[in-house]
Every structure is written in structure tokens, then in C-alpha cells.
Amino acid sequence: VDPRDHWEDAEIRGAALQALMSSPGVRADQIEVKVDAAWLTMKGEVKRQDESDAAFEAVSQVPGVGGITNRITVITAGGH
């Protein structure tokens, strides 16, 4: 592993947030992103499964991500 290829967790998190904000169909303000040792975890609540899928797709393109845990909950209408 070339140390120049190493991404800091804060850099990965910033890039992931940017990817979420620029992705159509994703409400970035509803999603919390944490990165620990290049492993990205998303939490939050969205109204539709495709929003969760779009968020996952957006962050999967971020360089330096070693893995992704998607803990986004889909809240359907009337299902509180």
C-alpha cells in the first residue's frame, strides 16, 4: 500500500457529504455520515427506498472508502 494513496477519515467524510449533496434524489440534510478507519456508516431517515439506494450509490463512488454500512431507515407514510 502506497501511503500517498491513504485518505484521512475526515477527507473521506467530506467527499461523501459532497457526493450526497450533489446527488439528485438524496436529501443530504437527512443523512448523518461517520467514517472510522475508512469504513463509512450512513444513518438517517428517508421516505423512500430509492433515496436510501441513491445515497449508497453516491458514497460508493467516493475514493478511499474501504466499506459502507447503510443504516438509513425508510419511513413510510403513516408508519411511525
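The values are calculated or read from the model by the stated rules, or taken from the named source; none is laboratory data. Not measured: the values here are computed from a predicted model. Heads up, the Cβs are rebuilt from the backbone with ideal geometry, glycines too, and the neighbour counts pull from every protein chain shown. All accessible areas refer to the heavy atoms of the entire protein, side chains included, with ligands and DNA or RNA removed. Shrake-Rupley method; radii C 1.70, N 1.55, O 1.52, S 1.80 Å.
Sort the chain into rounded, prolate or oblate with this rule: let a ≥ b ≥ c be the square roots of the eigenvalues of the Cα gyration tensor; rounded if a/c is under 1.5, and if a/c is not under 1.5, prolate when a/b is larger than b/c, oblate otherwise. Cα axes put the chain in the prolate bin. Overall, the accessible surface of the chain at a probe of 1.4 angstrom is composed of carbon and sulfur to the extent of 51 percent. With a cut-off of 12 Å between beta carbons, the residues surrounding A19 carry a summed charge of 0, where Lys and Arg count +1 and Asp and Glu -1.
In terms of the Cα gyration tensor, with a ≥ b ≥ c the square roots of its eigenvalues, is region 30-69 rounded because a/c is under 1.5, prolate because a/b exceeds b/c, or oblate? Oblate, since a/c reaches 1.5 and b/c is not below a/b. Per residue, the accessible area of the chain comes to 65 Å² when a 1.4 Å probe rolls over the protein heavy atoms. Other residues within the sphere of radius under 11 Å centred on the Cβ of V74, judged by their own Cβ, net out at -2 (K and R +1, D and E -1).
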